[in-house]
Amino acid sequence: MTRPHYKRILLKLSGEVLMGEGGKTIDPEVTARVAEEIAGVKAEGYELCVVVGGGNIFRGLAAAAQGFERGTADYMGMLATVMNALAVQNALEQIGVDTRVQSAIPMQSVCEPFIRRRAERHLEKGRVVIFAAGVGSPFFTTDSGAALRAAELNCDALFKGTSVDGVYDADPKKVKTAKRYETVSYDTVLSKNLKVMDASAVALCRDSNIPIVVFNIREHGNFAAVLRGEGVSTVVRNEQETK
């Protein structure tokens, strides 16, 4: 399938991507491998921003189910994303990639506050910008934060790096006959509840006409390969473009 040319990309990573074996919350070796994937794409001339979830450290919704007040639990989860963002920044800068972390919750001693025009300028100067703390408010996921930042910064696509190679009609880890979509529409994802991202994130990408590319970030070199049209992935986009 011929893929459109993207210039500015937002990469959404789950916090679990940074975990190592044995339950290590942030594995330096795994984080370094993720940084190498990002650096490889950056070296090919793309403008790149990143959103990392916090589920490897603290998941607000799960904590709320265990008795935490939901707003407090979500704020704790947002702080976990800041820790992950700093870990990815450290790994990128160790291999010579200039980065900035911007947080939706101001914490000037640690990172920059999110300012859209400043983020634009960083991207124009060739820096990787890592967005932390979601949208800065509880009851929204980091998926929604990623979609919002992608829309605000006029990104050409939102790439979701996962542990599977695309979107399936059933859970491929549980159903051996599950079929992978090459392309699928936003409306199909929403109506069939395909678990690509949360519904509000998918709807925002649909309304902003930002394709969502789902691929396996754990496979070495796959991020760059997908951008070249060589890797395996699923593209979520408008109905007329899937035909």
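The values are calculated or read from the model by the stated rules, or taken from the named source; none is laboratory data. Quick caveat: nothing in here was measured; it's all calculated off a predicted structure. Cβ atoms come from the backbone with ideal geometry, glycine included; neighbour counts cover every protein chain shown. The accessibility values were calculated without ligands, DNA or RNA, using every heavy atom of the protein model including side chains. Shrake-Rupley method; radii C 1.70, N 1.55, O 1.52, S 1.80 Å.
For V214, only one of the following conditions fails: (1) within 23 Å of E120 (Cβ to Cβ); (2) surrounded by 15 or more Cβ atoms within 10 Å (Cβ to Cβ). What is its number?
(1)
Any idea which residue in the range 218-230 is farthest from L18 (Cα to Cα), counting only those that are in contact (Cβ under 8 Å) with a residue 24 or more places away in the chain and surrounded by fewer than 22 Cβ atoms within 10 Å (Cβ to Cβ)?
Filtering first and then ranking leaves G229.
Test each condition in (1) touching an Asp or Glu at 6+ places or on another chain (Cβ under 8 Å); (2) under 25 Å from E36 (Cα atoms); (3) among the charged types (D, E, K, R) for R218 and report the one that comes out false.
(1)
Exactly one condition in (1) surrounded by fewer than 18 Cβ atoms within 10 Å (Cβ to Cβ); (2) among the charged types (D, E, K, R); (3) more than 16 Å from L153 (Cβ to Cβ) is not met by E124; state its number.
Failing condition for E124: (3).
Starting from residues that are without any contact (Cβ under 8 Å) to a residue 12 or more places away in the chain, over 21 Å from L227 (Cα atoms) and assigned to a loop (DSSP other than H, G, I, E, B), keep the ones in the range 22-54 and report whichever is most open to solvent (accessible area, probe 1.4 Å).
This residue is K24.
Within the range 140-243, considering only strands (runs of 3 or more DSSP E) that don't extend past its boundaries, which have at least 3 residues that are over 15 Å from the mean Cα position of the chain (by Cα)?
So the answer is 183-185.
Say whether the condition of being within 14 Å of F131 (Cβ to Cβ), open to solvent by 10 Å² or more (accessible area, probe 1.4 Å) and under 16 Å from the mean Cα position of the chain (by Cα) is met by at least one residue in the range 55-77.
Among the residues of the range 55-77, not one is within 14 Å of F131 (Cβ to Cβ), open to solvent by 10 Å² or more (accessible area, probe 1.4 Å) and under 16 Å from the mean Cα position of the chain (by Cα), which makes the answer no.
S163 passes all but one of (1) crowded, with 17+ Cβ neighbours inside 10 Å; (2) touching a residue at least 40 places away in the same chain (Cβ under 8 Å); (3) within 28 Å of G77 (Cβ to Cβ); which number fails?
(1)
If I filter the range 215-243 down to residues being of a type in the set (D, E) and modelled with pLDDT under 90, which single residue comes out as nearest to L194 (Cα to Cα)?
Among those that are of a type in the set (D, E) and modelled with pLDDT under 90, it is E239.
Quick one: would you say F68 is outside any helix (DSSP H, G or I), of a type in the set (F, W, Y) and either closer than 16 Å to V88 by Cβ or in contact with a Leu (Cβ under 8 Å, 6 or more places away or on another chain) (or both)?
Considered against the rule, which asks whether it is outside any helix (DSSP H, G or I), of a type in the set (F, W, Y) and either closer than 16 Å to V88 by Cβ or in contact with a Leu (Cβ under 8 Å, 6 or more places away or on another chain) (or both), F68 comes out as no.
Please go through the range 1-11 and pick out each residue that is open to solvent by 10 Å² or more (accessible area, probe 1.4 Å) and either in contact with a Phe, Trp or Tyr (Cβ under 6 Å, 6 or more places away or on another chain) or assigned to a strand (DSSP E or B) (or both). Outline the logic, then answer.
Taking the range 1-11 first, the residues open to solvent by 10 Å² or more (accessible area, probe 1.4 Å) are 1-8.
Within the range 1-11, just R8 meets the criteria.
When only residues in the range 173-210 that are touching a residue at least 60 places away in the same chain (Cβ under 8 Å), crowded, with 18+ Cβ neighbours inside 10 Å and not β-branched (V, I, T) count, which is farthest from A32 (Cα to Cα)?
Among them, the one singled out is L204.
Please work out which residue is farthest from Y75 (Cα to Cα), limiting yourself to the range 95-111 and to residues that are open to solvent by less than 40 Å² (accessible area, probe 1.4 Å) and either of a type in the set (K, R) or in a strand (DSSP E or B) (or both).
Only one residue fits best here, namely T99.
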